[in-house]
Protein chains: 2
Amino acid sequence: METSSKFKIAILGGTGKEGKGLAYRWALAGHEVIIGSRQLEKAQAAVDEILAICSKPVKLTANTNEKAAQMQEIAVLTVPYTAHQAMVESIKPLITSKLLIDVTVPLVPPKVTRVQIPEAGSAAMEALSILGEGSRVVSAFQNISYERLMNDQEIDCDVLVSGTDKESRELVIALARDAGMRAWDAGPLENSIVAEGLTSILIHLNKKYAVEASGIRITGIPENHQDTN
Amino acid sequence: METSSKFKIAILGGTGKEGKGLAYRWALAGHEVIIGSRQLEKAQAAVDEILAICSKPVKLTANTNEKAAQMQEIAVLTVPYTAHQAMVESIKPLITSKLLIDVTVPLVPPKVTRVQIPEAGSAAMEALSILGEGSRVVSAFQNISYERLMNDQEIDCDVLVSGTDKESRELVIALARDAGMRAWDAGPLENSIVAEGLTSILIHLNKKYAVEASGIRITGIPENHQDTN
């Protein structure tokens, strides 16, 4: 079911599993997606890999991160934490008033099962502090096992969506639905540390209980729930 | 199913819904529980309330927080965040080498739907910093809707158990099972901010989607899971 309007989405640093998985699902849902990378060839290789498994024609192209950010109306950040700050600074002049969806998890190898709290409170709050008050930043998708995104499997994990404003959170909830996921409005962007930190706990659970992809589901809310505000 | 050994448990500041709910379930599971309060009369009133609904004889008594902490082998902290630091300091000399289970959520009214990160990283890490390195502190039960604990309902919410050491986490996982809950080893105590912060998100979900008790379930781990370490 494709519920949202069609958007022009740039997936920056989108050559990893996260970026390719989201690009695949959003392109199939009819959105116009550009995968960005520092090297155009790497972005093109990711695009070719996705096109090879698409069951129908899609709007998916490659470009540099800067061009991709400039051309599209929504920027999605799927970079390793070490590249996060520099990337946000470099795209800042290119995404003014655009929506930034931050998927970054502040993992610090090798202790990836230990929650790390960035000085700003979370990676997403760090992005907001760089972009400045009044910017639109939403945090989402950190807990999804991306291996499952590239092959039409049902995803047994909900998405917690926190963000600077309600409208942006609702847009990202609709985008998550387009990608086949159930998503929830998790409140202000300050709440992003929970979704970011949960990734470390899920990695710990995967190791501890010898599974590939633990996840979370929200309980206690009926499918036909009311939305009060 | 009662799987753990029987313990002597002090529930400090245990006259609120959280404390009474846990006391009720642990007492019914055969543990020896003392409810502590600053005022003995308040602790006794809580005990009387619980005894009135118990379906069989239990070992449940009232005392002051200090006496309760001194007498029992496990201390459980269910106080409002404003009382947290002072309480940990006051029981520090009484619980040396005992296990502290910290249920505290750093809620800051009126913005209870916004995650607050204490300077130490979480309420539980704050407790550890007061008690000192080498102390045994476990964080658990922050996400449980306590209204459901007092009436034998099934609880549609898992417990994330983080803590200073694996043995203490396993003990608390067994105690959660005794209280009718499914619990998971969520890793080191640094991970406590996720469970603490998740409470703010669940309160947000309750308001946003007009429900009484949203919760979380861990997915992707079979019931008959292996435990690798």
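Between their Cα atoms, which of B:Lys20/B:Lys208; A:Lys20/A:Lys56; A:Lys17/A:Lys166; B:Lys8/B:Lys56; A:Lys92/B:Lys208 are more than 20 Å away from each other?
B:Lys20/B:Lys208; A:Lys17/A:Lys166; A:Lys92/B:Lys208
Distances in nm, one decimal, shortest first, from A:Asn224 to the same residue in every other copy, taking the label point 7 angstrom along Cα→Cβ.
3.8
Need one number: buried accessible surface between chains B and A, 1.4 Å probe, both sides summed, DNA, RNA and ligands left out, in Å² to 100.
For chain B against chain A, roughly 3800 Å² becomes buried.
For A:Ser90, tell me the accessible area in Å² from a 1.4 Å probe, rounded to the nearest 10.
Probe radius 1.4 Å; accessible area of A:Ser90 about 50 Å².
How many percent of all Cα-Cα pairs in region A:1-53 sit more than 13 Å apart?
53 percent
Within region A:126-229, list the GluC sites (Glu not before Pro) lying in a DSSP loop whose Cβ has at most 15 other Cβ atoms in a 10 Å radius.
A:Glu133, A:Glu154, A:Glu212, A:Glu223
For n ≥ 4 DSSP H runs only, could you compute -39500 (n - 2.57) per run for the protein assembly as shown, divide by its residues and tell me the 222 nm figure to the nearest 500?
Computed ellipticity for the protein assembly as shown at 222 nm equals -11000 deg cm²/dmol.
Compute the Rg to Rh ratio over region A:107-229 from the alpha carbon atoms, using the Kirkwood formula for Rh, and round to two decimal places.
Taking Rh as the inverse mean 1/r over Cα pairs, Rg/Rh reads 0.97.
Any chance you could check region A:187-208 for residues losing 50 Å² or more of accessible area when the partner protein chains are in, compared with the chain on its own (1.4 Å probe)?
Listed in order, they are A:Glu190, A:Asn191, A:Val194, A:Ile201, A:His204, A:Leu205, A:Lys208.
Where does the charge balance sit around A:Glu32 when Lys and Arg score +1, Asp and Glu -1, over other residues with C-beta under 11 Å from its C-beta?
+2
Could you give the accessible area per residue of the protein assembly as shown, probe 1.4 Å, as a whole number in Å²?
Heavy-atom SASA per residue in the protein assembly as shown reads 41 Å².
Provide a whole-number value for the mean count of partner chain Cβ atoms within 10 Å of the Cβ atoms in peptide A:114-120.
If you average over the peptide's residues, the count of other-chain Cβ atoms is 4.
Provide, for q = 0.21 Å⁻¹, the log10 of I(q)/I(0) from a solvent-free Debye sum over equal Cα point scatterers in region A:45-107.
-0.94
What area, in nm² and to one decimal, does the C-alpha convex hull of chain B cast on average over all directions?
That works out to 12.3 nm².
Put a point 7 Å out from Cα along the line to Cβ at B:Ser97; what are the distances to that point in the other copies, in nm, shortest first?
6.8
Using just the alpha carbons, could you tell me how many Å³ per residue the convex hull of region B:1-126 encloses?
125 Å³
Post the alpha-carbon centroid distance, region A:32-90 to region A:121-191, in whole angstrom.
18 Å
If you roll a 1.4 Å probe over region B:84-132 with all protein chains in place, what percent of the accessible area is carbon or sulfur?
Of all accessible area on region B:84-132, carbon and sulfur atoms account for 56 percent.
Distances in nm, one decimal, shortest first, from B:Val112 to the same residue in every other copy, taking the label point 7 angstrom along Cα→Cβ.
Result, one decimal in nm: 3.8.
Before anything else, pin down the relative contact order of chain A: Cα pairs under 8 Å, at least 6 apart, normalised by residue count, whole percent.
Answer for chain A is 19 percent.
Any idea what Rg and Dmax come out to for the protein assembly as shown if you just take the C-alpha atoms, in Å?
Final numbers for Rg and Dmax: 23.3, 74 Å.
Let me check I've understood the local charge: for B:Gln142, count other residues with C-beta under 11 angstrom from its C-beta, Lys and Arg +1, Asp and Glu -1. What total comes out?
Residues close to B:Gln142 contribute a combined charge of -3.
The values are calculated or read from the model by the stated rules, or taken from the named source; none is laboratory data. Predicted model, so just to flag it, every value in this text is computed and none were measured. We place every Cβ from the backbone using ideal geometry, glycine too, and count neighbours over all the protein chains shown. With ligands, DNA and RNA removed, areas are computed over all heavy atoms of the protein, side chains included. Shrake-Rupley method; radii C 1.70, N 1.55, O 1.52, S 1.80 Å.
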